[in-house]
Amino acid sequence: MPATACRTLDLDWSPDSVERALARIREADSAGEDSADEDDEHPAKTAKRAACDRRSGVRRPLVTPAFLVPAQVVDRRATVQEDSQSLVVSLDVGPHGLGIQHDRRIQSQYSIVEFDLWNGGSVALLVEKRWSLPGDGTYRTGFRVLAVVREG
């Protein structure tokens, strides 16, 4: 069996770069502009969600395909296996995290999630798995965004 090629990625850990990357993803999503704001929901539903939700910011719907690759993090750099990429669908994005839906259980604590942007380019993020729930043949997982993969 041939050896699997690994690649080491440089990361930008600054909070500003994470904020800019998440803003680029939100801006590139044309469906996000047409989505209803959480403020438009019934007040009781919003209050119930707020009481159960530990998130520090509001998540907005973002339904778009992305690629996920399990990663190992050592000395603030990420290493990924070239052939372990899977297709996922993002569900929502917030100031510090994102939710995705996927077919297979994610074993790795860390992953790289890469979005091909509709307006050109791509954004790749190092994320940490915070929770995962099985559903009807799929899983839903929440991630905290830790860093941005530097291009090049």
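The values are calculated or read from the model by the stated rules, or taken from the named source; none is laboratory data. Not measured: the values here are computed from a predicted model. For neighbour counting, all protein chains shown are included, and Cβ atoms are generated from backbone atoms with ideal geometry for every residue, glycine included.
List of remarks:
- Pick from segment 95-111, criterion hydroxyl-bearing (Ser, Thr, Tyr) and assigned to a strand (DSSP E or B), ranking: surrounded by the fewest Cβ atoms within 10 Å (Cβ to Cβ): TYR110
- Residue satisfying condition, being of a type outside the set (Ser, Thr, Tyr) and touching a Lys or Arg at 6+ places or on another chain (Cβ under 6 Å), within set ASP83, ASP92, ASP103, ASP116: ASP92
- Residue check for PHE143: in contact with a Lys or Arg (Cβ under 9 Å, 6 or more places away or on another chain) and either modelled with pLDDT of 95 or more or over 26 Å from ALA28 (Cα atoms) (or both): yes
A quick yes/no check of all residues on (1) modelled with pLDDT under 85; (2) more than 16 Å from VAL145 (Cβ to Cβ); (3) assigned to a loop (DSSP other than H, G, I, E, B); (4) out of contact with any Ser or Thr (no Cβ under 8 Å at 6 or more places or on another chain):
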{"position": "THR8", "(1), (2), (3), (4)": "no, yes, no, no"}
{"position": "SER17", "(1), (2), (3), (4)": "no, no, no, yes"}
{"position": "ALA50", "(1), (2), (3), (4)": "yes, yes, no, yes"}
{"position": "VAL63", "(1), (2), (3), (4)": "no, yes, no, no"}
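- Pairs where the first residue, in segment 112-130, is more than 15 Å from GLU19 (Cα to Cα) and assigned to a loop (DSSP other than H, G, I, E, B) and the second is modelled with pLDDT of 95 or more and β-branched (Val, Ile, Thr), C-beta under 8 Å, 6+ apart: LEU117/VAL123
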